[in-house]
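The values are calculated or read from the model by the stated rules, or taken from the named source; none is laboratory data. Keep in mind that this is a model prediction, so the values were computed, not measured. Glycine also receives a Cβ, built like all others from the backbone with ideal geometry; neighbour counts cover every protein chain displayed. Heavy atoms of the whole protein, side chains included, go into the accessibility calculation; ligands, DNA and RNA do not. Shrake-Rupley method; radii C 1.70, N 1.55, O 1.52, S 1.80 Å.
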Amino acid sequence: MLAGCVVSLVLLVTLPGGPAADAHPLGNFTVNHYDGLRLFPDHIELHAVVDTAEIPTLQAKAATDTDGDGTISPTEAARHGGTECAALAGAVTAMVNGGPVRWRVAHSAATYPPGQPPFPTTRLICSLAAPADLRTPATVEFTDHFRADRIGWREITAVGHGLRVVSSNVSGVSISDELRRYPNDLLSNPRDQRSAKVRVEPGSGGISVGAPLTTRIGRLDRALASATSTLNELAGGTELTPLVGVAAALVALLLGAAHAALPGHGKTVMAAYLAGRQGTRRDAVLVGATVTLTHTAGVLVLGLLVAVLSSFAPEAALRWLGVLSGLLVAMVGTGLLRTAVRQPLAACPPSSGHSHEIGHSHEIGHSHSHGQLVGGAPPAPGRAGLVGMGIAGGLVPSPTALFVLLGAVGLGRTVFGVALVLCYGLGMAGTLTLAGLFLVTLRDRAERAAMSEWLRDRGARVAAALPAVTAVLVLVVGLGLALRSLLGPG
């Protein structure tokens with residue numbers, strides 16, 4: 001399959017592409033907000049910036065490029081900026097001592113900085129103002145509801161001009177330089193400020209509160225980000241040669257393998273399932289193949305929805321697919337637990353100098369050439385359970401694979417994009433299959449290594465309980481994955 005993956009890329013034709021650029025640091029799906037409140041004795045000003053990454057910019061292009069010529073003219077950009085700032089003015093609220101203020105749009109602008117090829121990003125700047133009486137001590141409460149359904153960085157600052165800030169739950173300085181430079185040590189835990197409460201009084205000075213920078217990006221995260229950027233540049237570069245195609249294929253395989261190795265992709269559960277259910281190496285390969293097919297199909301379907309529906313939020317779909325994946329794992333675990341409870345767990349009576357070997361279909365006390373140290377051996381895994389675990393492993397499409405597909409399609413390299421997605425899925429499947437093969441091999445070696453009656457007796461007891469332990473593990477982890485996806489951002 002690997003050879004086919006590489007060969008299919010080598011045979012693709014060369015088509016023009018766009019200039020190289022850095023990917024959005026927070027991901028290609030994000031819509032990021034900055035709200036800078038400026039408090040004056042007689043009014044409030046809001047300097048709002050919305051930094052929209054490549055995918056939502058692509059989805060909005062049909063509405064922005066009104067003449068359909070493929071480019072956004074200055075007139076179209078100005079119209080889009082005015083429309084979006086009007087919508088923002090209706091979605092942000094401010095209260096002064098419990099009374100609402102009425103915003104008006106003083107200025108609007110939209111620009112389209114280059115993003116990861118071949119897509120641009122969008123930078124929307126809105127200046128709003130509202131009359132307010134802050135000549136006496138007052139409490140200002142602000143909330144931003146604009147595009148609340150999209151994930152991304154959200155930051156609020158507040159400063160007083162001719163006023164003293166007595167207390168504030170937000171900083172007076174933007175740590176992202178108004179969404180120009182995102183702090184590296186906060187990218188793994190992006191800021192999510194959607195409201196602010198500030199107390200002011202006449203005077204000058206006051207406090208400026210800033211949140212401590214506590215999180216760190218590890219070397220693995222940096223390495224994966226660098227590899228992802230490399231793949232995007234290869235897929236969206238100006239020239240697609242056979243050498244570039246092979247390099248892109250290998251990077252896609254590497255990223256797919258790394259993606260499956262990250263926490264939350266069920267590799268440990270799948271491996272434990274195969275080991276605990278007496279799975280074979282063929283079963284591990286079946287799970288890996290199912291992961292590849294499911295992931296590739298998921299990316300293609302999600303890419304089609306993103307391209308066709310401008311209102312479709314892919315990050316929300318990924319969240320619910322994560323919930324579904326976890327529930328599917330939990331269902332498999334429930335089936336395993338039901339089987340384990342119904343199966344009698346009887347151990348062989350100890351007998352000096354005799355092995356306690358049984359087979360999959362033999363009565364307790366009979367010998368079998370497989371040499372399993374099990375009192376009541378677990379049945380071989382059913383194909384439905386194996387396929388279910390494979391579907392769960394590939395059900396949540398990788399955002400990286402989706403972006404690569406959309407970029408290739410945008411350049412007219414649809415076959416190239418699909419081939420890269422397939423290679424990415426093969427990389428995922430390879431990691432998951434190797435995890436399963438490792439535990440299956442480890443289990444077999446442990447069974448052959450039993451050299452004493454004491455060890456055989458205790459090994460039989462442990463092996464007899466293994467189906468129930470595996471079932472509980474699969475059930476609990478499945479529910480955990482579903483809950484984490486449900487409570488996550490998006």
For this session: Select from region 299-316 the residues that are part of a helix (DSSP H, G or I) and open to solvent by 20 Å² or more (accessible area, probe 1.4 Å) and list them in ascending order.
Result: Leu300, Val301, Leu304, Leu305, Ala307, Val308, Ala316
Exercise. Name the pairs whose Cβ atoms lie under 8 Å apart, with the first residue in region 241-252 and touching a residue at least 24 places away in the same chain (Cβ under 8 Å), the second open to solvent by 30 Å² or more (accessible area, probe 1.4 Å) and among the polar types (S, T, N, Q), and 6 or more positions between them or separate chains?
Worked result: Thr241/Thr14; Val251/Thr230
For this session: Considering only residues that are open to solvent by 50 Å² or more (accessible area, probe 1.4 Å) and aliphatic (A, V, I, L, M), look in region 167-183 and name the one that is nearest to the chain's Cα centre (by Cα).
Result: Ile175
For this session: Could you tell me which of the residues Ala62, Ala53, Ala77 is in contact with a Ser or Thr (Cβ under 9 Å, 6 or more places away or on another chain) and surrounded by fewer than 16 Cβ atoms within 10 Å (Cβ to Cβ)?
Result: Ala62
Problem set entry | Enumeration of residues in region 104-118 that are over 17 Å from Glu76 (Cβ atoms) and either acidic (Asp, Glu) or crowded, with 22+ Cβ neighbours inside 10 Å (or both) | Gly115, Gln116, Pro117, Pro118
Exercise. Hey, among Ala429, Ala401, which residue is open to solvent by less than 10 Å² (accessible area, probe 1.4 Å), touching a Phe, Trp or Tyr at 6+ places or on another chain (Cβ under 8 Å), outside any loop (DSSP other than H, G, I, E, B) and at pLDDT 75 or above?
Worked result: Ala401
